[in-house]
Amino acid sequence: MTDLLSLAYPWVKALHIMAVMSWMAGLFYLPRLYVYHAERGQNGQEPVRSFEIMEYKLLRMIMNPAMIVTWLAGLALVFTPGIVDWSSIWPWTKAACVIAMSGFHGWLSVQRKALLAGKGVSGRSYRLANEVPTLLMVVIVLSVVVKF
């Protein structure tokens, strides 16, 4: 099995990068949709149903599959011999941030349901939340590339 992982490494790494890019695009865009939904959709300026459809499709058809592929490919990379030195700090910081990113993804799912029920947080709160994936991404990339 480890030989197979070693042979597939460049392909799995490429798949992982593509999945991460897709997931991150959704993590950046969904809170922005929530801002519009919270600020414009609730007072009748724009059709709420349009926001609901966009949010649903982004979360269920793009972000969820991308997160799952990110995790599966990432775990395959972790189990590839010689790739991760667990005595270093960087894999632990990356792992913590990926778990936090997944938690943020879950929070976004909960917020979609809250918005549907008319109980979402303010547009300002969603604007602030929009910075979370950026901060986590910075730590993840620095962890993996610089290996601090």
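HN-Hα J couplings of the stretch 20-26 from phi, Karplus 6.51/-1.76/1.60, θ = phi - 60°, integer Hz, Gly and Pro as x?
In residue order, the calculated couplings are 4, 4, 5, 5, 5, 4, x Hz.
By the gyration tensor of its Cα atoms, with a ≥ b ≥ c the square roots of the eigenvalues, what is the shape of the stretch 2-146: rounded for a/c under 1.5, prolate for a/b over b/c, or oblate?
Details: a/c = 3.37, a/b = 2.19, b/c = 1.54.
Prolate.
Which one, Pro133, Pro47, Pro91, has the greatest fluctuation when you compute a Gaussian network model over the chain with C-alpha springs under 10 angstrom?
Pro47
Once label points are set 7 Å from the Cα along Cα→Cβ at both Phe28 and Trp71, what is their separation, rounded to one decimal in nm?
So the two model labels end up 2.4 nm from each other.
If you fit an axis through the alpha-carbon atoms of helix 64-78 and take the longest principal axis of the Cα set of the chain, what angle between them do you get, 0 to 90°, nearest 10?
On a 0 to 90 degree scale, this one is about 20.
Straight-line reach from Lys119: which aspartates and glutamates have a Cα under 13 Å away, not including same-chain ones fewer than 8 places off?
Here the aspartates and glutamates satisfying the reach criterion relative to Lys119 are Glu39.
Hey, what angle do you get for helix 132-146 against the long axis of the chain, alpha-carbon based, 0 to 90 degrees rounded to 10?
Around 10 degrees separate the two axes.
Can you work out the Karplus-derived ³J(HN,Hα) for every residue in the stretch 79-96? Use 6.51 cos²θ - 1.76 cosθ + 1.60 with θ = phi - 60°, whole Hz, and x for glycine or proline.
Couplings: 8, 6, x, x, 8, 10, 9, 5, 7, 7, 7, 4, x, 6, 5, 5, 4, 4 Hz.
Mind listing which chymotrypsin sites (Phe, Trp or Tyr not before Pro) in the stretch 1-94 are in a DSSP loop and have 14 or fewer other Cβ atoms within 10 Å?
Numbers: sites: Trp11, Trp23, Phe28, Tyr29, Tyr34, Tyr36, Phe51, Tyr56, Trp71, Phe79, Trp86, Trp92; in loops: Phe79, Trp86.
Of the chymotrypsin sites (Phe, Trp or Tyr not before Pro), the ones in loops of the stretch 1-94 whose Cβ has at most 14 other Cβ atoms within 10 Å are Phe79, Trp86.
Kindly provide the trypsin sites (Lys or Arg not before Pro) of the stretch 94-148 that DSSP labels as loop, not H, G, I, E or B, and whose Cβ sees at most 14 other Cβ atoms within 10 Å.
Those satisfying the criteria are Lys119, Lys147.
Around Val141, what is the net charge, scoring Lys/Arg as +1 and Asp/Glu as -1 over all other residues with Cβ under 15 Å from its Cβ?
On the way: positive: Lys13, Lys94, Lys147; negative: none.
Net charge in that neighbourhood comes out at +3.
Sequence neighbours fewer than 8 away in the same chain don't count; with that in mind, list the lysines whose C-alpha is under 29 Å from Lys13.
Lys57, Lys94, Lys147
Throughout, read-outs are computed from the coordinates displayed, never taken from laboratory work. Everything numeric here is computed off the predicted structure, so don't read it as measured data. Every residue, glycine as well, gets a Cβ built from its backbone with ideal geometry; the counts of neighbours run over all protein chains shown.
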